[in-house]
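Some notes on the structure that comes next.
The values are calculated or read from the model by the stated rules, or taken from the named source; none is laboratory data. This one's a predicted model, so the numbers in the text were calculated from it and none came from an experiment. Positions of Cβ are generated from backbone atoms using ideal geometry, with glycine treated the same way; all protein chains shown enter the neighbour counts. Heavy atoms of the whole protein, side chains included, go into the accessibility calculation; ligands, DNA and RNA do not. Shrake-Rupley method; radii C 1.70, N 1.55, O 1.52, S 1.80 Å.
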Amino acid sequence: MNQHKVTDTPPEPELKRKLRIIIFGTETPAGRWFDIGLIICIILSVALVFLDTVADIHARFGHIILALEWTFTLVFTLEYLLRLYCSSNRLSYARSFYGVVDLLSILPSYLALFFPGANFTLVIRILRLFRVFRVLKLLRYLSEGNLLLKAMLQSSRKVFIFFFSVSLIIMVLSAIMYVVEGPDNGFSSIPKSVYWTIVTITTVGYGDITPKTELGQAIAAFTMLLGYSIIAIPTGILTAEISQEMGRNRDLRRCANCLKTGHDHHALYCNRCGSELEPPPEENKD
């Protein structure tokens with residue numbers, strides 16, 4: 001008689017299942033309150049990192065900030081351990097982007113205990129800001145984010161050619177200004193002239209280096225006008241790609257009530273009159 005191996009996995013502990021719903025989900029009141037509390041802790045902990053760099057605040061409230069920082073560190077440590085415990089795939093979570101961010105947000109505090117010279121790594125805790133995007137659960141904006149990302153990728157070659165062309169213009173103008181103005185007027189080297197040209201062509205105009213000769217001032221005026229004429233080009237390129245990408249994400253279903261077309265692929269109702277639409281073509285398949 002053949003013996004069959006038992007392949008059934010043991011049932012998941014109820015505590016682990018409930019923790020996963022609370023920590024990784026927002027469908028329950030407990031999950032929403034967990035995310036709100038986590039956001040508050042993240043913002044306060046990052047604020048402490050910034051405030052602690054102010055000498056007066058550090059001198060007066062350094063011991064309080066240190067105590068609060070360790071409180072937040074313990075909270076984030078507990079959260080990281082709980083995420084590892086209740087995660088369906090612990091290794092996948094630990095190696096994911098946000099898993100690494102979670103680890104980096106607590107690691108510097110512990111490193112500072114064993115390596116006093118590692119205090120500079122405390123700046124890494126600013127990465128906690130990235131966790132805000134996770135707990136806010138921006139999944140409903142994912143399609144819009146993908147649209148923007150696709151548009152940026154589609155326009156990347158055009159934008160690269162644009163910046164390459166601008167770089168050539170900057171190099172030429174920098175060399176001319178170095179020759180015209182020279183070290184006596186602050187243009188001590190071509191890299192310094194490159195800095196001035198970039199500041200001028202982007203219409204920032206710090207004013208720390210200014211041309212003194214009439215020819216140099218004429219070239220500066222031309223550079224400023226050139227900056228105004230080309231600064232909107234990358235915006236136009238990206239806008240055109242976004243428009244095309246939005247067109248690709250529309251279908252030709254016509255509303256039976258108001259005859260409007262151009263709805264989203266997965267739209268169920270008309271965005272003009274609210275009437276129910278026919279299901280998308282892919283949903284008509286048996």
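Selection within segment 157-185: residues that are hydroxyl-bearing (Ser, Thr, Tyr) and surrounded by 13 or more Cβ atoms within 10 Å (Cβ to Cβ). The member of this set that is farthest from ILE231 (Cα to Cα) is TYR178. Listed by position, the helices (runs of 4 or more DSSP H) contained in segment 114-199 that have at least 3 residues being at pLDDT 80 or above, among the hydrophobic types (A, V, I, L, M, F, W, C) and more than 30 Å from ILE36 (Cβ to Cβ) are 156-181. The condition of being free of Cβ contacts under 8 Å to residues at least 40 places away in the same chain and among the aliphatic types (A, V, I, L, M) holds for MET224. Every listed requirement among (1) closer than 15 Å to ILE106 by Cα; (2) out of contact with any Asp or Glu (no Cβ under 9 Å at 6 or more places or on another chain) is met by ASP35 save one, (1). Checking the stated criteria, ILE40 turns out not to satisfy the condition of being aliphatic (A, V, I, L, M), open to solvent by 70 Å² or more (accessible area, probe 1.4 Å) and closer than 27 Å to GLU14 by Cβ. The set of residues in segment 205-219 that are assigned to a helix (DSSP H, G or I) and without any contact (Cβ under 8 Å) to a residue 40 or more places away in the chain comprises GLU214, LEU215, GLY216, GLN217, ALA218. Would you confirm whether or not segment 103-110 contains a residue that is at pLDDT 80 or above and over 23 Å from LEU19 (Cα atoms)? Yes: one or more hits. Within segment 43-74, the residues that satisfy the criterion of being among the β-branched types (Val, Ile, Thr) and open to solvent by 60 Å² or more (accessible area, probe 1.4 Å) are ILE43, THR53, VAL54, ILE64, THR71.
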